[in-house]
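Reading through the structure tokens given below for one structure.
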Amino acid sequence: MQALRIAVFLFFATLCNAVAAQPLYGIAMHGDPALPADFKHFPYVNPDVKKGGRISYGVVGTFDNLNPFILKSMRTTARGMWDPEYGNLVYESLMQRSSDEPFTLYGLLAQTVEWDDNRSFIQFNLNPKARWSDGQPVTPEDVMFTFQLLRDKGRPNFSSPLKGVGEMEKVGEHSVLIHFNEAANRETPLIIAMLPILPKHIIDVDSFERTTLAFPIGSGPYKIKSIDPGQRIIYQRDPGYWGKDIPTKVGIDNYDEISVTYFLQETTLFESFKKGDIDVYPDGSPGHWQQAYSFPAVSSGAVVKETFRPKTPSGMLGFVFNTRRPIFADRNVRKGLTLVFDFEWFNRSLASSAYTRTESYWQNSDLSSFGVPADAKELAMLGPIKDRIDPDVLDGTYKLPVSDGSGRDRKILRKAVNFLKQGGYTIKGERMVDSAGRQLSFEIMTQNADQERIAIAYRRSLALLGIAVTIRTVDDSQYQLRTGSYDYDMILKAYPSSLSPGTEQLGRWGSAAAKAAGSFNYAGVADPDVDALMGHFLTAHSSEDFRDAVRSFDRILISGYYMVPLYHIGQQWIARRSHIARSDVLPLYGYYLPAWWDASAQ
């Protein structure tokens, strides 16, 4: 009887909250949206741009699939379909994220939303004008169908947040009310607001998980014009696009035609850019950026080089240990192998001293624990977990060793040997061996020549300690197959960081993701303490609690030595043809390609 009373009370409490909720034009993870309710456009766009012309992007890889939401061929799906860099050209979400705020969403398919203070529910009120490219309206049934489909058949980054969705119901003609269950957290409503919405009247549920080259129906600003499988896809503006005048779309999606061409190698892509076949070239190599732009188009001004400085954390690029492998199961072994990488030698000899060593997953932001001692509040948050964190990481004095740049700093190598010894390895006959005499050896799987170059530098240092390393560079399809099944010892990965880390961290470091095929938990971390610390920032109410929670999480990742940290630049480098123009306002997260335009079409 008592349980029944509680259930009735909770039902009416939720009902009262729903009744009291007011329609909102935008929602933020913490605090309020920065833009007013009557905003006309994002601050980093040109609202008066004349749409037209074309742009040609280039990428390295291939594609055999036009469905970006399934596990199969997840790394060979055509770019642009659902794309954080080029824009979501075909499919759209209920709300649009601002690139000028840490984590704020404004209306897209959903004109307004309603939720309660506890975020136990959210109601999406669809824009009555929203249409699919075949003219059919976007309906509440489409939203509910999509969430059920992606929960059951979608890739982990789509299916995982939907586990927090409880009951869904249609409200009136244009609204969907979603209740959350115990698996949800305070970020869940925002995450599902950014998921793609698919047309129920077109999708065949039974064949959804198969790859396809059939042209899709979406609600976005572009339709597919043509494809050359594996080599090129061309998008054409939909003249009947429903959302061109809503505030979150003003000044965006400015080309009549967008093409994405695929290349087998980065060098071939760059040559195509030099010839004028590709219009923009993001450059991540300092040596290349300094030395490769002496061709005539740069001298004449036909190609413009630009450097941008976003106000975002560094992220983490590094060699990832697959801790599912017995050789990397011991933290001391991982710590010893981390110390071996000679950053100073690499940076000076191979990178023109352009890089800064990365020592935190959120370096250069207030969320980073680097150089910041844990205060009493954070220590209380950590509880007994603090005993698992290295003392220097806890008190803010942690720093990766700085070598003499010789490539064989004996002092640092001795420290590495000591940690490897604690992990069961010793040097015998110039070989690092375990108690059974087996040499410590592993393979680094790489994707391209740049990764291979870094791996060769690392192998050089490891060989000084008698550690045998092989390097295998594989094509895109093999890389997808092996990473999806975790069939590797070590890979090179970049983990971008934002000012609002949340549910995506579960996919990278959560215990459930470690066992799920195709997740982003490449290190295989399955640790209840890591899970607990993620729970802290996912449930934080205040900005201060959120900051402390992320710092705590940063500390346990650093102390776990799941990656060999490499470097970051702190800048974005991009070269563009001069007729590709942009706004003078740089958003918080750096340059935003969907707001650029073809000035020759003016």
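For this structure, a couple of remarks:
- In segment 98-173, the chymotrypsin sites (Phe, Trp or Tyr not before Pro) that fall in loop regions by DSSP, at most 12 other Cβ within 10 Å: none
- Each Lys or Arg adds one and each Asp or Glu subtracts one; over the other residues with Cβ under 12 Å from the Cβ of Y458, this totals +1.
- Segment 391-430 and segment 345-372: distance between their alpha carbon centers, rounded to Å: 18
- Loop GluC sites (Glu not before Pro), segment 384-483 (other Cβ atoms within 10 Å of the site Cβ: 11 or fewer; DSSP): E430
- Overall size of segment 445-602 from C-alpha positions, given as principal axis extents largest first: 59, 45, 30 Å.
- Cα gyration tensor shape for segment 325-380, rounded if a/c is under 1.5, else prolate or oblate: oblate
- Under 5 Å between amide hydrogens, built in the peptide plane, is the criterion, and for T446 it picks out R472, T473, V474 among residues at least 5 positions away or on other chains.
- Nitroxide proxy distance, nm - points 7 Å out along Cα→Cβ at Q571 and T268: 3.1
- With all pairs of different C-alpha atoms in the average, the Kirkwood value for the hydrodynamic radius of segment 289-330 is 15.0 Å.
- Per-residue [θ]222 nm for the chain (sum of -39500 (n - 2.57) over DSSP H runs n ≥ 4, rounded to 500): -8000 deg cm²/dmol
- Pairwise label distance in nanometres, R482 with D277, each label 7 Å out on the Cα-Cβ vector: 2.9
- For segment 568-578, Karplus couplings with θ = phi - 60° (6.51, -1.76, 1.60), whole Hz, Gly/Pro x: 9, 10, x, 9, 10, 10, 8, 10, 9, 5, 5
- What you get for the chain, charging only the Cβ of Lys and Arg (+1) and of Asp and Glu (-1), is a dipole of about 1660 debye around the Cα centre.
- A DSSP coil position with no more than 16 other Cβ atoms inside 10 Å describes the following GluC sites (Glu not before Pro) in segment 191-284: E209.
- Residues L337, L350 arranged by fewest to most Cβ contacts within 10 Å: L350, L337
- Packing-based exposure ordering (other Cβ within 10 Å, fewest first) of V585, V90, V550: V585, V90, V550
- Backbone geometry of segment 372-377 corresponds, through the Karplus equation with coefficients 6.51, -1.76 and 1.60 at θ = phi - 60°, to 3J(HN,Hα) couplings of 10, x, 5, 7, 4, 5 Hz, x marking Gly and Pro.
- Sum of side-chain charges, S435 neighbourhood, beta-carbon under 15 Å (Lys, Arg +1; Asp, Glu -1): +2
- Virtual spin-label span in nm between D256 and A214, 7 Å along Cα→Cβ: 3.1
- Among H30, Q505, G284 the positive-end extreme of the charge dipole of the chain (Cβ point charges): G284
- Rounded if a/c under 1.5, otherwise prolate or oblate - segment 545-602, Cα gyration tensor axes: prolate
- Cross-link pairs exceeding 21 Å in C-alpha to C-alpha distance, out of K40/K249; K493/K515; K249/K275; K335/K411; K411/K493; K163/K377, comprise K249/K275; K411/K493; K163/K377.
- Phi-derived couplings, Karplus 6.51 cos²θ - 1.76 cosθ + 1.60 at θ = phi - 60°, listed residue by residue for segment 238-243: 7, x, x, 4, 5, x Hz, with x used for Gly and Pro.
- 20 Å Cα-Cα reach of K274 towards lysines, excluding residues that sit fewer than 8 places from it in its own chain: K305
- Here segment 360-449 is described by how far its Cα atoms reach on the three principal axes: 50, 35, 30 Å, from widest to narrowest.
- Overall form of the chain per C-alpha gyration tensor (a/c, 1.5; a/b vs b/c): oblate
- Close amide H pairs (under 5 Å, H built 1.01 Å from N) link G315 with Q363, S497, residues at least 5 positions away or on another chain.
The numbers here are math on the coordinates, done by the rules we state, and not lab data. All values reported here derive from a predicted model rather than from experimental measurement. Cβ atoms come from the backbone with ideal geometry, glycine included; neighbour counts cover every protein chain shown.
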